[in-house]
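Each remark here refers to the structure printed beneath this line.
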Amino acid sequence: MKVSEMPYEHIPFDEFEKSAIEVINGVKNSKNADEVLEWREKYRELVIRYSTAMNLSYIRYSCNTADEFYVKENDYFDEIGPQVGNLMNMYNDALLNSPFRAELEEKLSPVLFKHMEVQAKAMSPEIIEDMIEENKIVSEYSKLMASMEFEFRGEKLSRAALAGYFKSDDRETRKEAYTVLGTVMNGYTEQLDDIYDRLVKVRTKMAQKLGYKNFVELGYYRMERVCYDKNDVETFRKNVLESIVPVVAKLRSENAKDLGIDKYMIYDNDVIIPGGDPRPSGNKEDIFNAAKEMYHAMSDESAAFIDLMLENEAFDVESRKNKWGGGYCTEIAKYKQPFILANFNGSADDVDVMTHEAGHAFNAFLIADNKFALEIGCGGMETAETHSMSMEFWTFPWLESFFGDKAEEYRKNHIANAIMRIPYRVGIDEFQHRIYQNPDMTPMERKAVWREIESTYMPWRTYDGNEFLEQGGYWMQNQHIFLYPFYFIDYAIAQLAAFEFYTQMRIDRKAAWDNYYKLCQAGGSAGYFQLLERCNLHNVLQEDSVKKVLSPIFEELGV
Ligand code: ZN
């Protein structure tokens with residue numbers, strides 16, 4: 001069924017609550033483990049219905065944030081979401097405290113129970129009101145960002161469309177686009193400061209109600225990190241600072257020479273290759289055709305996957321006013337249908353949608369029948385981003401069909417870019433730790449922290465008098481900071497795993513695909529560290545691994 005034709009069903013909360021309570025009591029009153037498992041099936045049906053409605057509503061809302069019906073539905077989910085979360089937590093509690101737990105763990109999976117334990121640490125009835133408040137503020141941010149108009153050379157653009165010009169081969173164009181970004185965002189800086197301040201405060205309040213010192217610990221539980229904690233992440237950041245930042249600094253300065261630039265400026269941030277970033281050689285339709293051919297050639301599973309996506313029109317990729325500005329992949333559980341949203345802007349980012357977001361969708365397709373997919377999805381976000389970032393490398397042999405004779409440039413660019421982004425990602429992570437450890441900072445103090453982090457992790461950044469960016473506002477356009485605290489580091493961790501797959505591919509493509517397939521198909525059914533081991537990947541959260549994983553890549557880059 002086409003995604004646009006999938007019927008939307010409003011979920012009345014009272015009805016949901018009644019059924020959920022029935023399930024919870026059923027679990028509690030079960031006489032044996034098998035009875036609990038029967039109730040689990042009923043629970044799964046309930047959750048499938050709920051998540052299908054919620055995701056369909058979100059898809060339709062994000063495609064048009066001015067659609068009155070779905071704006072209302074989306075607000076409704078913001079409102080009932082925390083209460084539903086609480087009911088799910090009560091169900092988890094019933095399972096965790098079941099007298100048959102040992103047998104259940106054996107029949108289901110110990111990993112599932114680990115996830116439930118972590119979920120329980122992030123939820124309590126006393127924070128429901130705060131969660132509703134948090135959702136409202138997050139929506140306020142999304143609406144504000146979607147409503148922003150950037151007037152560039154007589155055209156009114158969304159931020160995503162403007163960002164297409166950040167990659168122009170003409171330096172003046174890039175500079176002008178950044179000036180427009182700074183000027184427009186500067187007009188919203190107080191509003192953004194206020195939104196972020198309220199988010200930090202409400203998140204801190206929830207953490208304290210749950211007995212944590214600050215939001216950091218709660219943030220980790222929310223990310224469902226069952227294998228590692230903030231000390232491991234700190235070690236990782238330290239290793240990035242030691243092993244990657246100097247290399248990126250070197251790459252940047254060599255790059256400046258190649259580009260004929262005497263002083264590297266922020267508006268040179270997205271251009272690596274002289275003559276500009278390779279752009280797709282065709283239009284949207286060509287990109288879709290090339291993607292179809294590529295996934296057919298790659299493997300039988302990926303062929304079945306892309307056919308399902310195209311047949312059901314599970315893509316929305318045009319950049320439009322009122323459309324949510326980012327990109328994501330989600331699933332519609334009832335129909336076992338992944339869906340991708342993106343904002344094409346004519347740059348290489350458009351192809352990334354077919355290689356990155358499609359990697360998420362491919363994984364969702366593979367685990368649709370996995371018996372834990374509903375409860376633990378594809379695992380942690382570091383695992384999810386490994387699926388997608390590795391797919392970017394899997395697509396390398398077919399890039400000619402997207403970029404024509406610029407394909408080789410694109411490959412080089414992609415590898416360099418992937419390395420160069422890591423310090424920013426790690427910087428964002430450190431920023432969030434410092435913000436939530438000191439929740440009473442003023443907006444100016446927060447911006448000063450950002451400037452300091454930039455000088456540590458990205459000492460090459462200069463803003464050429466762009467007031468908004470000079471004052472430390474760069475992070476405000478990063479939606480993850482507002483929407484998904486502590487998510488960003490997962491991209492850095494996953495990038496290294498993807499690089500290691502890339503190295504594996506060059507040694508033995510078939511063995512590498514087997515490992516990759518194993519990873520995708522497992523979803524969250526095993527812990528992250530366990531998955532790494534199964535796929536012969538290093539654990540970059542441990543000392544030294546960052547260097548080891550990257551040495552073949554540095555060699556290729558000649559640094
Ligand atoms: Zn992703």
Using square roots of five times the C-alpha gyration tensor eigenvalues, list the equivalent-ellipsoid semi-axes of segment 24-69 in whole Å, biggest first.
36, 8, 5
Run the 1.4 Å probe and let me know the accessible area of residue 52, rounded to the nearest 10 Å².
10 Å²
Between residue 344 and residues 5 or more places away or on another chain, which pairs have amide H atoms under 5 Å apart, with H built 1.01 Å from N, and which residues are they?
318, 319
For segment 380-534, rounded, prolate or oblate, judged on the Cα gyration tensor with a ≥ b ≥ c (square roots of eigenvalues), a/c < 1.5 rounded, else prolate if a/b > b/c?
oblate
Going from the alpha-carbon gyration tensor of segment 468-531, what semi-axes, largest first and in whole Å, does one get by taking the root of 5 times each eigenvalue?
33, 16, 8
Is segment 331-454 best put as rounded, prolate or oblate by its Cα gyration tensor, with a ≥ b ≥ c the root eigenvalues, rounded for a/c under 1.5, and otherwise prolate when a/b is larger than b/c, oblate when not?
oblate
Cα-based Rg of segment 113-176 normalised by 2.2 N^0.38 Å, two decimals:
1.91
Reciprocal mean inverse distance between Cα atoms of segment 117-221 - Kirkwood radius, Å
16.2 Å
Could you work out the relative contact order of segment 98-229? I mean the mean sequence separation of Cα pairs under 8 Å and 6+ apart, divided by the number of residues, in percent.
32 percent
How big is segment 1-132 by Rg and Dmax over its Cα atoms, in Å?
16.5, 51
For segment 285-423, which whole percent of the accessible surface, found with a 1.4 angstrom probe, sits on carbon and sulfur atoms?
47 percent
Summing Lys, Arg as +1 and Asp, Glu as -1, what charge do residues with Cβ under 12 Å from the Cβ of residue 472 carry, residue 472 excluded?
-2
Let me check the size of the chain from its C-alpha atoms; what are the radius of gyration and Dmax in Å?
23.2, 76
With residue 15 itself left out, Lys, Arg at +1 and Asp, Glu at -1 over residues whose Cβ is under 15 Å from its Cβ give -2
Total charge dipole magnitude, the chain, about the Cα centre, Cβ charges on Lys, Arg, Asp, Glu only, Debye to nearest 20:
740 debye
Can you bin segment 213-361 into rounded, prolate or oblate? Criterion: square roots of the alpha carbon gyration tensor eigenvalues sorted a ≥ b ≥ c, rounded for a/c under 1.5, prolate for a/b above b/c, oblate for the rest.
oblate
So what's the net charge close to residue 302: Lys and Arg +1, Asp and Glu -1, counting the other residues with Cβ under 13 Å from its Cβ?
-3
Cross-link pairs 284/548; 321/412; 284/406; 175/547; 72/114 - those with Cα-Cα distance over 27 Å
284/548; 321/412; 175/547; 72/114
Partners for residue 42 among aspartates and glutamates (Cα-Cα distance below 15 Å; same-chain residues under 8 apart left out):
15, 17, 22, 34, 375
Charges at C-beta only: +1 for Lys and Arg, -1 for Asp and Glu. How large is the resulting dipole of segment 97-146 about its Cα centre, in Debye rounded to 20?
200 debye
Using Cα pairs closer than 8 Å and at least 6 residues apart in sequence, work out the relative contact order for segment 384-504, in percent.
43 percent
Probe 1.4 Å, heavy atoms of protein chains only: per residue, the accessible area of segment 340-381 in Å² is 24 Å²
Please work out the Cα center distance from segment 250-307 to segment 119-136, rounded to the nearest Å.
40 Å
Which GluC sites (Glu not before Pro) from segment 147-178 combine a DSSP loop assignment with at most 16 other Cβ atoms within 10 Å?
149
Please report, for the Cα atoms of segment 64-194, the Rg to one decimal and the Dmax as a whole number; what are they, in angstrom?
22.6, 69
Nearest 20 debye, what's the magnitude of the dipole of segment 110-251 about its Cα centre given +1 on Lys and Arg Cβ and -1 on Asp and Glu Cβ?
360 debye
Take every Cα pair under 8 Å in segment 430-559 that's 6+ residues apart, average their separations, divide by the length, and report that relative contact order as a whole percent.
18 percent
Solvent-accessible surface (1.4 angstrom probe) belonging to residue 444, in square angstrom, nearest 10
120 Å²
Can you list the chymotrypsin sites (Phe, Trp or Tyr not before Pro) in segment 55-88 that are in a DSSP coil and have 15 or fewer other beta carbons within 10 angstrom?
none
Which entries of 371/518; 136/209; 28/334 show an alpha-carbon separation above 25 angstrom in the structure shown?
28/334
Going Cα to Cα from residue 213, which lysines come in below 21 Å? Please leave out same-chain ones fewer than 8 positions away.
121, 201, 205, 230
Please name which of 26, 138, 47 has its Cα lying farthest along the dipole of segment 1-160 towards the positive end, using unit charges on Cβ (Lys, Arg +1; Asp, Glu -1) and the Cα centre as origin.
47
For segment 404-412, Karplus-derived ³J(HN,Hα) couplings (6.51, -1.76, 1.60; θ = phi - 60°; whole Hz; x for glycine and proline) come out as x, 6, 8, 4, 5, 4, 4, 4, 4
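The values are calculated or read from the model by the stated rules, or taken from the named source; none is laboratory data. No experiment lies behind these values; they were computed from the predicted model shown. Using ideal geometry, Cβ is built from the backbone for each residue, glycine included, and neighbour counts are taken over all protein chains shown. These area figures cover heavy atoms from the full protein model, side chains too; ligands, DNA and RNA do not enter into them. Shrake-Rupley method; radii C 1.70, N 1.55, O 1.52, S 1.80 Å.
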